[in-house]
Amino acid sequence: MTTATEAPPGRTARGASSRTPGGGPQGSDFSRLSRRITEAGLMARKPVYYAIRLTLVGLAFIAGWVALFTIGASWWQLAVAVYMGVIYGQMALVAHDLAHRQVFRGRRASEWFGRAVGNAGIGMSYGWWMNKHTRHHANPNHEDLDPDVAPDILVWSREQAAESRGLPRFIGRHQAALFFPLLTLEGFNLHVSSFRALREPHLKRKWLEGGLLFLHTGAYLAALFTVLPVGMAFAVLFLHHAVFGVYLGSIFAPNHKGMPTLRGDERPDFLRRQVLTSRNVRGGLFTDIALGGLNYQIEHHLFPSMPSPHLRKAQPIVRDYCAELGISYHETGLIASWGEALQHLKDVGEPIRDGVVLDSESVPGPRSESEPKSQSDSESPSEGSTGAVHSLVKTPTA
């Protein structure tokens, strides 16, 4: 579902009026929303909630290791591996909230707990991920500035597809079909990237980061290969990290993939930059728990330090405000969000399949202001849109 006074997102970002309904300048749009959110008390900390959540996740983590040692050399350990893959995902979500200072106000407490959960708990560098994620939040879906849409194994736009070479070009032909299978390797990729980050000059407290990573890796491998036969240990190791990778990918892929992208100097104001590039996922309590509140991606990007249980309450305020300003606000179901992301991957890989190299003349011009496009639940937010929110990539129908 996309709500707004319906100008396509790309056109809204560049062509939207610089005046709000109340007559104020565009630069004040976010500050007005922020006042509404603050007055509703939604930026207040939730210490009891996080005390309970961290305790439950910690106990679930301990229970997994107790099960490993208790069950011993049995193929029932594969069930433990699946369980631990999910728990690792929940711990990553806790680390995410810590990094955004949703739990503690202070940097020191957030970093220490973040490293305990991230580096020591699941073997993912808190400092590396924090640096990467901060850049993503500043410029979501900007192909030049957001590391999450930088071309790597997968390509995220037709330009990236046209410029791809080697393995990315080979995979890009069928990257939609390969997306979830590739996610089985993402858990291992997070470990490798964390160790590689120890060589990066920006990483703070390298000895602490590295020491905790080595501690985690050594303890993890020692536990597996002490308790289990070699073949079984490798099976548990792979299944555990495969579930972890697929779970994390299933959480993060719906947030932005298939939404409009930016390039070069395309930089709408903060409010539009965050809303137009993000997608919300509808659902109830189970969805909130499974996705760690990131199903309210629009609200999270606008207010990163808002405690996750407040995001659901913030949603109607943000959605109504976007409707006032005529800003497209996109939300859909979980399965539909995966479908949009996969269709996007398929669409941007088309130039590779066709052997086509696009040039600038192949990009359609912006839609005329006199040609508004209505959008319904079955339409994707960026279909037919171009301009500041770059949409060479045509987002699919849900």
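The values are calculated or read from the model by the stated rules, or taken from the named source; none is laboratory data. These figures come from a predicted structure and were not determined experimentally. Positions of Cβ are backbone-derived with ideal geometry, glycine not excepted, and every protein chain shown enters the neighbour counts. Protein only, heavy atoms only, side chains kept; ligands, DNA and RNA dropped before computing areas. Shrake-Rupley method; radii C 1.70, N 1.55, O 1.52, S 1.80 Å.
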Query raised in the report: Taking only protein heavy atoms and a 1.4 Å probe, what accessible area per residue, in Å², does the range 121-214 have with all protein chains in place?
Result: 49
**Report entry** Rounded Å value of the spacing that divides the Cα centres of the range 119-146 and the range 153-184
**Finding:** 21
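Could you tell me whether the range 183-281 comes out rounded, prolate or oblate from its Cα gyration tensor? Rule is a ≥ b ≥ c as square roots of the eigenvalues, rounded for a/c under 1.5, then prolate if a/b exceeds b/c, otherwise oblate.
Details: a/c = 3.81, a/b = 1.74, b/c = 2.19.
Since a/c reaches 1.5 but b/c is at least a/b, the shape of the range 183-281 is classed as oblate.
Run through the range 68-139 and list the chymotrypsin sites (Phe, Trp or Tyr not before Pro) located in a DSSP loop whose Cβ has at most 13 other Cβ atoms within 10 Å. Don't skip to the answer; put the middle values down first.
Numbers: sites: 69, 75, 76, 83, 88, 104, 112, 113, 126, 128, 129; in loops: 75, 76, 104.
Qualifying residues, ordered by number: 75, 76.
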Query - Farthest toward positive dipole pole in the range 165-249 [+1 Lys/Arg, -1 Asp/Glu at C-beta], among 179, 238, 167 - result: 167
Report summary line: Once both label points are put 7 Å beyond Cα along the C-beta direction, the residue 105-residue 31 separation in nm becomes 2.3
Report task. For the range 106-213, just say rounded, prolate or oblate: build the C-alpha gyration tensor, square-root its eigenvalues into a ≥ b ≥ c, call rounded for a/c under 1.5, and beyond that prolate if a/b exceeds b/c, oblate if not. Result -> prolate
Query raised in the report: Which trypsin sites (Lys or Arg not before Pro) in the range 80-134 pass both tests, a DSSP loop state and at most 14 other beta-carbon atoms within 10 Å?
Result: 105
Query raised in the report: How high is the FRET efficiency between residue 335 and residue 189 when r is their beta carbon distance and R₀ equals 22 Å, given to the nearest 0.05?
Result: 0.30
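Treating only the Cβ atoms of Lys and Arg (+1) and Asp and Glu (-1) as charged, compute the dipole magnitude of the range 278-324 about its Cα centre; round to the nearest 20 debye. If you can, show how the numbers build up before the last one.
Working: 5 positive and 4 negative charges, 23 e Å.
The dipole magnitude comes to about 120 debye.
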Report summary line: For residue 234 and residue 135, extending 7 Å from Cα along the Cα-Cβ vector and measuring point to point gives, in nm, a value of 3.5
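What part of the accessible area of the range 33-107, given as a whole %, is carbon or sulfur when the probe is 1.4 angstrom?
The computed percentage sits at 70.
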Query - Accessible area in the full protein assembly, largest first, 1.4 Å probe, for 303, 195 - result: 195, 303
**Report entry** Pairwise centroid distance, computed over Cα atoms, of the range 214-270 with the range 73-117, Å
**Finding:** 12
